[in-house]
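Participant: Here you go, one structure.
What follows draws every value from the coordinates through simple rules; no lab data is involved. Given the structure is predicted, the values throughout are model-derived calculations rather than measurements. As a convention, Cβ positions derive from the backbone with ideal geometry for all residues, glycine included, and neighbour counts pool all protein chains shown.
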């Protein structure tokens, strides 16, 4: 009888939790492919809650979504470690403990104490997926694999290159080409040089994309020789599935790399539900769906797509996001007056 009463009490608690969640809507802000409808439906069935998903395709768009109402429009967000620092600085996210997200213990050792997710001994996000941001090349147009990111500046490829539309990454890859030790922290002189080089890159008549799908569309519509691979292996996989014979390299200068994490926003309506979502994201079936569908590695298993000689620069906050964005907007528009 004691065992039966205990079981009944557990069932009542579980039902009570589900009823509590059922009254809530979990508001998720994420990248395409991170919260597919079937995965969302499975979580809704499990929790009894409703989930709404808002997708963004650039860091700038994500920040615009979050800053407008101090993050109150969302409960949980998928964000890279660089942008996470801005949220921590502005106290827009809340700490996470292993007790709240038990599947943290399932993370591979490389990601248990991942750089950029911790501050002052507190964990503010849980690593979910990652990728390098190397150089994609069209084997039909480029017979030999390029060794340097400077291939994007080659005049013979004018009108045959494609760049990611976001502002900060284009400054950072230019800094790598310049040989700057920390591509995320440019001093005034380095910044001026980077602007000049980006103007030259803009004059090479690149096409721009802001999602993996748009990158595929560019290959279909134009003769693309080189493409900056902002989405890394995910982007390569989509291009190959579309029938393009493409290669992918980490340039000799190294490559930017992003680590996307799940974080709970400070004003989350139901923090317990937000933590349950993150715990669900760290289950093997959900994490492995990243690889099967998006060709993105998960953080539960050891990395298999990196060579020892590959240099990666994990995304960090840049010296001045607003300034990079302002100058990049001018460069995109072609306005040069006052740029220096």
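Participant: Out of all DSSP beta bridges with both ends in the chain, state the antiparallel percent to the nearest 5.
Facilitator: In the chain, DSSP labels about 60 percent of beta bridges as antiparallel.
Participant: Which of rounded, prolate, oblate describes the chain, given a ≥ b ≥ c as roots of the alpha-carbon gyration tensor eigenvalues and a/c under 1.5 marking rounded, otherwise prolate only if a/b is larger than b/c? Don't skip to the answer; put the middle values down first.
Facilitator: Working: a/c = 2.21, a/b = 1.81, b/c = 1.22.
It is prolate, given that a/c is not under 1.5 and a/b is the larger ratio.
Participant: Next question, about the same structure. How far is helix 232-241 tilted, in degrees, relative to the longest principal axis of the Cα atoms in the chain, given as a value from 0 to 90 rounded to the nearest 10?
Facilitator: The angle comes out near 80 degrees.
Participant: What is the projected area of the convex hull of the Cα atoms of region 98-232, averaged over all directions, in nm²?
Facilitator: 10.9 nm²
Participant: Let's test the formula: R0 of 22 Å, r as the Cβ-Cβ distance of residue 41 and residue 283. What FRET efficiency results, to the nearest 0.05?
Facilitator: After rounding, the FRET efficiency stands at 0.90.
Participant: Quote to one decimal, in nm, the extra length available between residue 122 and residue 319 on full extension: 0.36 nm per residue of separation minus the C-alpha distance between them.
Facilitator: Separation in residues times 0.36 nm, less the Cα-Cα distance, equals 68.5 nm.
Participant: Given 25 °C and 0.890 mPa s, compute D for region 124-191 with the Stokes-Einstein relation, Rh being the Kirkwood radius over Cα pairs; round to the nearest whole µm²/s. Walk me through the numbers before you get to the answer.
Facilitator: Numbers: Rh = 14.3 Å.
For these conditions, the coefficient is 171 µm²/s.
Participant: If you look at just the Cα atoms of region 180-305, how large are its Rg and its Dmax in Å?
Facilitator: Cα-based Rg and Dmax for region 180-305 come out at 18.7, 51 Å.
Participant: Still on this model: Let me know the shape class of region 233-340, please: from the alpha-carbon gyration tensor, a ≥ b ≥ c as square roots of the eigenvalues, rounded when a/c is under 1.5, otherwise prolate if a/b is greater than b/c, or oblate.
Facilitator: oblate
Participant: Still on this structure, please answer the following. So for the pair residue 307, residue 185, with labels modelled 7 Å out along Cα→Cβ, what separation do we get in nm?
Facilitator: Inter-label distance under the simple model: 3.0 nm.
Participant: Would you please classify the overall shape of region 29-76 from the alpha carbon gyration tensor, given that a ≥ b ≥ c denote the square roots of the eigenvalues, rounded means a/c under 1.5, and beyond that prolate means a/b larger than b/c while oblate covers the rest? It would help to have the intermediate numbers written out before the result.
Facilitator: Working: a/c = 4.47, a/b = 1.68, b/c = 2.66.
Cα axes put region 29-76 in the oblate bin.
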